[in-house]
Amino acid sequence: MAVILLFFAAVGLTGFTAGQPGFHPLVKFDRTIYLDGQIEGDVILFAKEVTVNATISGDLIVFPARADMQKLISHFKPNFRVIAGLILLEKLASLTIEILIGWLLIALLPQLIKQLVNLGLKQPGAAIGWGLLFLTVIPLLACFFIISLIGIPLGVVTILIYLISLSLAKLLAGFSLGSRLLKDARFNQPYLSLALGLTIMVILQLIPFFGWLAYFILILFGLGLLTLRGKTFITRLKQ
């Protein structure tokens with residue numbers, strides 16, 4: 001809404017109204033605005049001339065038709081802060097849950113986790129390549145199963161495996177990253193390594209472009225570890 005209003009204010013377009021009875025705030029944009037009657041809530045006006053003959057229960061905020069952009073942005077700053085705070089809270093909650101799940105997996109399957117991470121540290125390029133293959137092939141395979149109708153159950157199972165693998169990939173990538181940064185080759189600090197790695201991955205998600213790219217590569221790395229492990233398991237079964 002704020003972006004649309006900024007555009008209208010910049011070009012001087014007239015005849016715009018947003019808001020209906022029961023919605024807050026009421027926003028009107030025109031060269032000349034006349035208000036009368038009873039209006040519930042706040043009113044935001046963008047106009048050259050304003051005549052108010054109304055009872056307004058909330059605040060009346062008037063901007064010139066070509067409003068100063070900084071003034072308008074400053075009015076919406078509280079909303080931006082609230083949104084940013086909610087995003088940060090969501091990230092912190094997700095991070096806490098992921099760390100707890102990761103710690104549980106380390107406690108239950110310490111040797112398996114160490115083997116997977118060691119495998120990735122020895123073959124990082126192969127892990128990323130296999131991760132990219134997994135990321136692209138599995139969804140296509142699931143779609144093929146679902147389209148065939150007969151394979152719908154297999155398609156659903158494939159999708160579930162895919163989603164679970166993405167979550168596990170993040171945990172493995174975080175553990176690997178933390179172990180590498182702490183130079184903990186013997187995994188003497190697995191819990192700290194996981195917490196550090198996942199925290200850094202959350203920070204990377206907040207950094208546009210380069211951070212997103214690094215995060216994506218780490219996810220590919222984690223998926224590659226799972227794929228390589230699965231490949232090894234299938235090979236042993238054949239033998």
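The values are calculated or read from the model by the stated rules, or taken from the named source; none is laboratory data. Being a predicted model, the structure only gives us computed values, none of them experimental. Please note: Cβ atoms are built from the backbone with ideal geometry, for glycine as well, and neighbour counts cover all protein chains shown.
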Hey, VAL157 hits all of (1) over 16 Å from GLY131 (Cα atoms); (2) surrounded by fewer than 21 Cβ atoms within 10 Å (Cβ to Cβ); (3) at pLDDT below 90 but one; which does it fall short on? (3)
Selection from segment 116-160 of residues within 30 Å of LEU181 (Cβ to Cβ) and either in a loop (DSSP other than H, G, I, E, B) or without any contact (Cβ under 8 Å) to a residue 24 or more places away in the chain (or both) yields ASN118, LYS122, GLN123, GLY125, THR136
Limited to segment 181-198, what total is found for residues that are surrounded by 15 or more Cβ atoms within 10 Å (Cβ to Cβ) and in a helix (DSSP H, G or I)? 7
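Which one of GLY178, GLY211 is surrounded by fewer than 17 Cβ atoms within 10 Å (Cβ to Cβ) and assigned to a helix (DSSP H, G or I)?
Among GLY178, GLY211, only GLY211 is surrounded by fewer than 17 Cβ atoms within 10 Å (Cβ to Cβ) and assigned to a helix (DSSP H, G or I).
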Test of understanding: among LEU109, LEU119, LEU105, which residue is in the same structural domain as ALA173 (by TED's automatic domain parsing) and either β-branched (Val, Ile, Thr) or modelled with pLDDT under 85 (or both)? LEU119
List, please: which pairs have Cβ atoms under 7 Å, are six or more places apart or on different chains, and start with a residue in segment 93-104 that is more than 9 Å from LEU194 (Cα to Cα) and end with one that is basic (Lys, Arg) and surrounded by 11 or more Cβ atoms within 10 Å (Cβ to Cβ)? GLU98/LYS170
Under 9 Å between Cβ atoms, which residue pairs at least 6 apart in sequence (or on different chains) link something in segment 186-209 that is of a type in the set (S, T, N, Q) and modelled with pLDDT of 90 or more with a partner that is loosely packed, with under 13 Cβ neighbours inside 10 Å and assigned to a helix (DSSP H, G or I)? SER193/LEU181
Among (1) in a helix (DSSP H, G or I); (2) surrounded by 15 or more Cβ atoms within 10 Å (Cβ to Cβ); (3) modelled with pLDDT under 85, SER74 falls short only on (2)
Please verify whether GLN239 is over 26 Å from LEU108 (Cβ atoms), of a type in the set (S, T, N, Q) and modelled with pLDDT under 90, treating the condition exactly as stated. yes
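Got a sec? Which of LEU26, LEU88, LEU60 is within 30 Å of SER193 (Cβ to Cβ) and modelled with pLDDT of 70 or more?
LEU88
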